[in-house]
Amino acid sequence: MSQIMTLERPAADAAAAPLLALRNVEVVYDDVILVLRGLSLDVPAGSITALLGANGAGKSTTLKAVSGLLRSENGEVTRGEILFDGQRIDGTEPDLIVRRGIFQVMEGRRIIADMTPMENLRLGAFSRRDRSGVAEDLERVLAYFPRLKERTGAAGYLSGGEQQMLAIGRALMARPRLILMDEPSMGLSPLLVKEVFAIIRQINRDLGVTILLVEQNARAALGVADRGYIMEQGKVVLDGTVEELRANEDVKEFYLGGAGDQRRTFKNLKSFKRRKRWI
Ligand code: ATP
């Protein structure tokens, strides 16, 4: 294996100091809309950590709080702290956060439609301090996503799955230590979800890149993650290893069951169960 993109590969050890930690984070949009209400979570170095929850729980907001992209939406971290490698990053400009090694793969891919896949990938390397090894990294990324090599036209014409692969490939070109992934399964067929998630797992294992994975598709996320958090209404309501989460009756019923009923919330489900016990 070339050394070009081989990052240090720490074991995913939940007991060690986490690479990323959120402590009682509160986020407010437009000075008044409170969305994160004291959210705390740890992302161990080398892990894939899943952040699950229904629509509007605040998952994307959590990622944007970490990457600093909140500001472009008039959002602000008003309480708590965000630590990357032990240092505060809340309040840091987004471009500096990228330079520290955090790269967000946005929901809906956000590739540059007019540019070719290759140009999009090269753009990913733009934030790197170390510009050497870009060609080698490109080869490595293309080894994960060989079909991107065959697509020489504008990236806007790529299929949904290919665009998702391109977005992940572009993130890798920045040589990040932490990738924030926002719903990579969105809009993909079940077969493609499987393929994309297998590559995500492979990348994590090969390169040691830590991944915070936001998903509504709990089954797919828990299939690749080491641990997970379930959030509702801006707070974590449950966390554990994937084995613990998969074995949890409420998680099975609400998140891993058939067609999840969006009107029920995990909190309601628990209080419903409590009521049943009391009666
Ligand atoms: P989804 O899975 O639907 O993307 P999510 O869990 O990622 O949901 P967020 O997108 O973080 O949730 O949204 C959480 C809440 O914050 C929602 O009520 C949403 O309306 C609100 N919100 C998100 N972005 C903004 C914004 N720019 N301005 C005001 N409110 C916002």
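The values are calculated or read from the model by the stated rules, or taken from the named source; none is laboratory data. As the structure is a computational prediction, the values presented were derived from the model and not from experiment. With ligands, DNA and RNA removed, areas are computed over all heavy atoms of the protein, side chains included. Shrake-Rupley method; radii C 1.70, N 1.55, O 1.52, S 1.80 Å.
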Within the accessible area of the stretch 20-268, what % is carbon and sulfur when the probe is 1.4 Å and the other protein chains stay in place?
49
Let a ≥ b ≥ c be the square roots of the eigenvalues of the Cα gyration tensor of the stretch 83-163; is it rounded (a/c under 1.5), or, if not, prolate (a/b larger than b/c) or oblate?
prolate
Residue separation times 0.36 nm, minus the C-alpha to C-alpha distance between E81 and D95: what's the value?
3.2 nm
Within the chain, what percent of beta bridges assigned by DSSP are antiparallel, to the nearest 5?
55
Below 8 Å between Cα atoms, with a sequence gap of 6+, how large is the relative contact order for the chain in percent?
25
Sort all Cα-Cα distances of the stretch 120-251 into consecutive 5 angstrom bins from zero, then give the percent of pairs in each bin up to the one containing the longest distance.
2, 9, 19, 20, 19, 13, 8, 6, 3, 0, 0
GNM flexibility winner over the chain from G53, G101, G169 (Cα, springs under 10 Å):
G101
Potential extension, S132-L256 segment - 0.36 nm per residue separation minus Cα distance:
40.2 nm
Compute the accessible area per residue over the chain, keeping the other protein chains in place, probe 1.4 Å, unit Å².
48
If each part is reduced to its alpha-carbon centroid, the stretch 62-135 and the stretch 171-247 end up apart, in Å, by 18
So what is the 222 nm mean residue ellipticity for the chain from helices alone, if each DSSP H run of at least 4 adds -39500 (n - 2.57) and you divide by all residues, rounding to the nearest 500 deg cm²/dmol?
-10500 deg cm²/dmol
Which of G46, G257, G58 moves most in a GNM of the chain, Cα contacts under 10 Å?
G257
Between N248 and L123, what length in nm is gained on full extension when 0.36 nm per residue of separation is reduced by their alpha carbon distance?
40.8 nm
For the chain, take the longest principal axis of its alpha carbons; what is the angle in degrees between that and the long axis of helix 266-278, to the nearest 10 within 0 to 90?
30
P(r) for the stretch 20-268, please, calculated from all Cα pair distances in 5 Å bins and given in %.
1, 6, 14, 18, 19, 17, 13, 8, 3, 1, 0
